[in-house]
1. What do you reckon, is residue 217 in a helix (DSSP H, G or I) and farther than 25 Å from residue 24 by Cα?
2. For residue 60, all conditions in the list (1) open to solvent by less than 30 Å² (accessible area, probe 1.4 Å); (2) part of a helix (DSSP H, G or I); (3) closer than 30 Å to residue 254 by Cα hold save one; what is the number of the exception?
3. Tally time: how many residues in the stretch 117-159 are in a helix (DSSP H, G or I) and of a type in the set (A, V, I, L, M)?
4. Which of (1) over 24 Å from residue 13 (Cα atoms); (2) in a helix (DSSP H, G or I); (3) open to solvent by less than 70 Å² (accessible area, probe 1.4 Å) is the odd one out, the single condition residue 97 does not satisfy?
5. Yes or no: the stretch 84-91 includes at least one residue that is in contact with a Phe, Trp or Tyr (Cβ under 7 Å, 6 or more places away or on another chain), open to solvent by 40 Å² or more (accessible area, probe 1.4 Å) and either in a helix (DSSP H, G or I) or without any contact (Cβ under 8 Å) to a residue 40 or more places away in the chain (or both).
6. Need the failing condition index for residue 299 against (1) within 18 Å of the chain's Cα centre (by Cα); (2) modelled with pLDDT under 95, just the number.
7. Name every residue in the stretch 68-83 that is under 24 Å from residue 209 (Cα atoms) and in a helix (DSSP H, G or I), in order of residue number.
8. For the subset of the stretch 248-267 comprising residues that are of a type in the set (A, V, I, L, M) and touching a Gly at 6+ places or on another chain (Cβ under 8 Å), which member is surrounded by the most Cβ atoms within 10 Å (Cβ to Cβ)?
Amino acid sequence: MKYFIDQLQQKIEAKNSRICVGLDPHLELIPGNILAPELLADLESNQKEISAAVLKFNRNLIDAVADMTAVVKPQMAFYEKLGVPGMECLWQTIAYAKTKDLIVLLDGKRNDIGSTAGAYAEAYLENKKTEVDSITINPYLGSDGILPFLRNKERGAFALLRTSNPSAGDLQDLKLDDGRTVYQAVGDFLQEVGRDYVGESGYSNLAAVVGATYPEELKEIRAQLDTVFFLIPGFGAQGGGAADIKAGFDEDGRGAVVNSSRGINFAYRKEEYSHFGSENYAKAARAAAEKMKKEINDIL
């Protein structure tokens, strides 16, 4: 049985790519030749038609980037808001990604304990029909909310550690009595909980989300946590650049993937790629992914 994290690291090395492509279908940004704008006037009545358009949009994106990324990350919220058709679209998107031999990281931020956490794990990580490889979770309920997601060693979990949003410091920067910040304490906790799930790669199936928008802290956390693999969001649309994420990798250029969602999904809207036009959004996405891959590899 190969650990999830070893499967991920192996695919990263095979493609020499450390990018993660988020699949975040902001409906108002999807080209009109895929999703008719008038459908958006009544989401509830048009859920089925909109979901079909999103699926087409996603499949074209996956086709465009599958050979240059190891992992895709659908964000559940964009599918949940479309009701049952939206969730069907999510599962079909996941299934299509798996036909392209991609790792699927489901961004659902599950947050519960005991049997309920176990039910989430069963639904997303132990269901052969969904084929999800990993899921994001909130670690703030303690090990009771983490261990159920680790019971299948071929699957993994990414726990929120130092997030990329502007208000992250409201709680994560608070100081504890021992002088550590909350996020530093959570990092120590995640490394300890994950020690029993370390694979041949030297990293654990219990990974962490550490944003690119705080590069000095990213460097500090990487030095602190030698067995914790990172998902680094915040690249591109949120302001993080290639130089900001370098410190998130180990000395061999391993131990992390960098996510971009809007920057790749909707690259056709950028002046740099506007020559592709909205009808060739997938080609623009591929060009943006290729540039991101090169920028990251170059700084490593």
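1. Working: in a helix (DSSP H, G or I): yes; farther than 25 Å from residue 24 by Cα: yes.
For residue 217, the condition - in a helix (DSSP H, G or I) and farther than 25 Å from residue 24 by Cα - is met.
2. All conditions are met except number (1).
3. The initial filter retains those residues of the stretch 117-159 that are in a helix (DSSP H, G or I), namely 117-124, 143-145, 147-150.
Checking the rest, the ones that are also of a type in the set (A, V, I, L, M) come to 117, 119, 121, 123, 147, 150.
Selection size over the stretch 117-159: 6.
4. (1)
5. From the stretch 84-91, those in contact with a Phe, Trp or Tyr (Cβ under 7 Å, 6 or more places away or on another chain) are 86-87, 89-90; that's our starting set.
Subset that is open to solvent by 40 Å² or more (accessible area, probe 1.4 Å): 87.
Still in the running and either in a helix (DSSP H, G or I) or without any contact (Cβ under 8 Å) to a residue 40 or more places away in the chain (or both): 87.
Within the stretch 84-91 (the criterion being in contact with a Phe, Trp or Tyr (Cβ under 7 Å, 6 or more places away or on another chain), open to solvent by 40 Å² or more (accessible area, probe 1.4 Å) and either in a helix (DSSP H, G or I) or without any contact (Cβ under 8 Å) to a residue 40 or more places away in the chain (or both)), the answer is yes, since at least one residue qualifies.
6. Here residue 299 clears every test but (1).
7. The answer is 68, 77, 78, 79, 80.
8. So the residue we want is 264.
The values are calculated or read from the model by the stated rules, or taken from the named source; none is laboratory data. Bear in mind that the values here come from a model prediction, so they are computed numbers and not experimental data. Positions of Cβ are backbone-derived with ideal geometry, glycine not excepted, and every protein chain shown enters the neighbour counts. Calculation scope for accessible area: heavy atoms of the full protein, side chains included, ligands and nucleic acids excluded. Shrake-Rupley method; radii C 1.70, N 1.55, O 1.52, S 1.80 Å.
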